[in-house]
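The values are calculated or read from the model by the stated rules, or taken from the named source; none is laboratory data. As the structure is a prediction and not an experimental result, all values here were calculated from the model. Backbone-built Cβ (ideal geometry, glycine too); neighbour counts: all protein chains shown. Only protein heavy atoms, including side chains, enter the accessible area calculation; ligands, DNA and RNA are left aside. Shrake-Rupley method; radii C 1.70, N 1.55, O 1.52, S 1.80 Å.
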Amino acid sequence: MKLTLLAAGFAGGVLVLAGATTAAADPPGPGGPGDPGAHHPVTVSAAWSQQLAYQGDTIVLTARAKQPSVSTPSITISATVPADALKPAGGAGCHTDAAANTVTCTSTSYQKAPFRFVVKTAESRKVVAAVTAKAATGDAGRTQAVVAVDAAASPSPSASSPSASPSQSPSESASAEPSGSASAQPSGSASGSPTTTPPGSASPSSGSGGDLPVTGTSLTIFAVLAAVLLAAGGALLVVARRRTGRQSR
């Protein structure tokens with residue numbers, strides 16, 4: 001009987017030692033074989049609300065996390081950005097580490113977490129945001145999102161002022177210039193042309209119409225008189241020859 005009890009105790013001690021050795025060789029932790037969530041991966045994605053941001057702009061980093069293999073997962077999403085480039089817009093749930101020059105904001109909302117930041121960088125560069133999602137099972141997922149920031153001040157939304165000035169200048173110039181030139185030019189040309197043309201047209205007609213009839217009439221009279229004189233002279237010459245012929249007989 002005693003030998004049986006000693007053998008049973010010895011066997012139990014061997015089993016305990018074997019279990020302790022296995023536990024020491026396989027500690028629990030994320031990703032390890034002993035991690036209960038090792039087979040429940042977390043997928044993470046993140047994107048900025050705009051690709052280019054200016055100093056003073058408020059930009060939003062939207063992070064999304066999923067753990068499809070778990071029916072009711074519990075996931076904490078964190079976003080870390082450079083503290084000298086961005087600052088939290090509100091500061092709730094954010095922690096600044098001056099030594100590491102980072103700002104980390106955390107959200108426990110499942111699947112989607114928006115993080116708002118204000119651009120404060122003094123130089124133009126690309127800002128990288130590191131996004132981490134950690135599930136209650138111990139699994140974690142990581143990703144990055146890049147945004148280009150410009151140290152120049154954000155363009156003011158009152159850019160509609162240039163459109164107002166061009167619309168006024170053409171309307172004023174168009175309304176003033178054509179109305180003045182149209183009212184002054186045609187009135188002067190119209191009033192001047194009727195006064196100058198009648199005298200010019202009257203003088204040629206009066207001169208040519210008065211001289212031509214007088215010149216034609218005098219030539220006709222002179223021609224008729226010359227013909228009459230020639231006829232009379234011829235007749236007198238014939239009569240004189242006949243008389244002289246009779247007297248000589």
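Details
- Segment Ala122-Ser74, length gained on full extension (0.36 nm per residue, minus Cα span): 13.4 nm
- Short-range pairs are left out: with C-alpha atoms under 8 Å and at least six residues apart, the relative contact order of segment 42-92 is 33 percent.
- A 1.4 Å probe run over the protein chains yields, for segment 45-106, 50 Å² of accessible area per residue, whole-number rounding.
- Apportionment of accessible area to carbon and sulfur, segment 43-150, percent (1.4 Å): 49
- Over segment 43-150, Cα pairs under 8 Å with separation of 6+ residues give a relative contact order of 37 percent.
- Inter-label distance for Thr62 and Ser109, nm, one decimal - labels placed 7 Å from Cα along Cα-to-Cβ: 1.1
- The smallest convex shape that holds all Cα atoms of segment 43-150, its convex hull, gives 88 Å³ per residue.
- Shown for segment 43-150: lysine pairs separated by 8 or more places, or found on different chains, whose C-alpha atoms are under 22 Å apart, numbering 6.
- Shown are Leu230, Leu219, whose ranking by accessible area with a 1.4 Å probe and every protein chain present, most to least, is Leu230, Leu219.
- Unit charges on C-beta of K, R, D, E only; dipole of segment 43-150, Debye: 260
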